[in-house]
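Worksheet: one structure, shown below.
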Amino acid sequence: MVALIIIGIIAFVIALPLWSTVTFEIASNGKKTVITAKMFGFIKHDFVFPSEPKEPKKSKPKKAKRSKKRKKSESKDGGKSSEPELQMTDSVSQDFIKRKLGPTWDSDARWFDFEYIENTLAEYKELIKHGTSALAVFLRHMSRKIRVSRLDLYIKFGTGAPDKTGIAYGAAHAAAGSLNAFIRSYFNTKTGLVLYLDPDYVNSCFEFELGSIIKTRAAHVLHSAVAALARFIINRIKLKGSVGNVGNFGQAPD
């Protein structure tokens, strides 16, 4: 009897956070994105992108004790000690993202560099393909399990040419209609995407503000993420296997 009570308590403790509703409030203006995650009404955490750099803590330098073996190795190397390699930090990863995504916007032409975007997509073709497949698995498992109570998008844009701005205005409305059909088919929402377009027919500019409130259960996210990760790993293993088979094709056995 006591064992059953203990098992029931453990099951309740595990099921409570998994079956609870998680709320994500998203606010972005392109330069800064804030994602606020809430659970149980009192657990709250903000994710800010890009993250603000933290000031390093000032600490007094300590002299490390050198062992006899290290002293001998330093004497052989002429006093030069081997230092560990620097690990990848958040700043390095952010620099990589900026280096890859920065050139997508042509500051001289004040418009997107579609040639660079096409070359970048071709460079990461296989990774994007497998990532898209994994995302499809995630969305299929999360279908109708995500409740979107708010999805507002404000865009102010201008190409510098009135005719191109007008064409982009119509294309944006058409794309919003297609996107709204996708959102209504996968997510539980009443309003869908609410798009506010502010075209500037004189100047060349692009600004946007996004506000969204998304709710779902933690168990749904965990289950869908595991399924998507499994699909991504399987696709990568199949790709490596096919490449290996092609390399060994036609070779005589050892």
### Message
Bin width 5 Å, origin at 0, all Cα-Cα pairs of segment 98-236: what percent of pairs per bin?
### Response
2, 9, 13, 14, 16, 18, 16, 9, 4, 1, 0
### Task
Among the listed pairs K38/K145; K31/K145; K125/K164; K125/K238; K145/K190, give every one whose C-alpha distance is greater than 23 Å.
K31/K145; K125/K164
### Task
Give the relative contact order (percent, whole number) for segment 120-217; include only Cα pairs under 8 Å separated by 6+ residues.
45 percent
### Query
Which of M39, M142 comes first, and how do the rest follow, when ranked by fewest Cβ neighbours within 10 Å?
M39, M142
### Message
Around I155, under 13 Å between beta carbons, what's the net of Lys plus Arg minus Asp minus Glu among the other residues?
### Response
-4
### Query
What ranking of K125, K31 emerges when the number of other C-beta atoms within 10 Å of each C-beta is taken as an exposure proxy, fewest first?
K31, K125
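Quick note: the coordinates plus some simple rules give every number you see, no bench work behind them. Note that this is a predicted model, so its numbers are computed, not measured. No Cβ is skipped: glycine too gets one built from the backbone with ideal geometry, and neighbour counts run over all protein chains shown.
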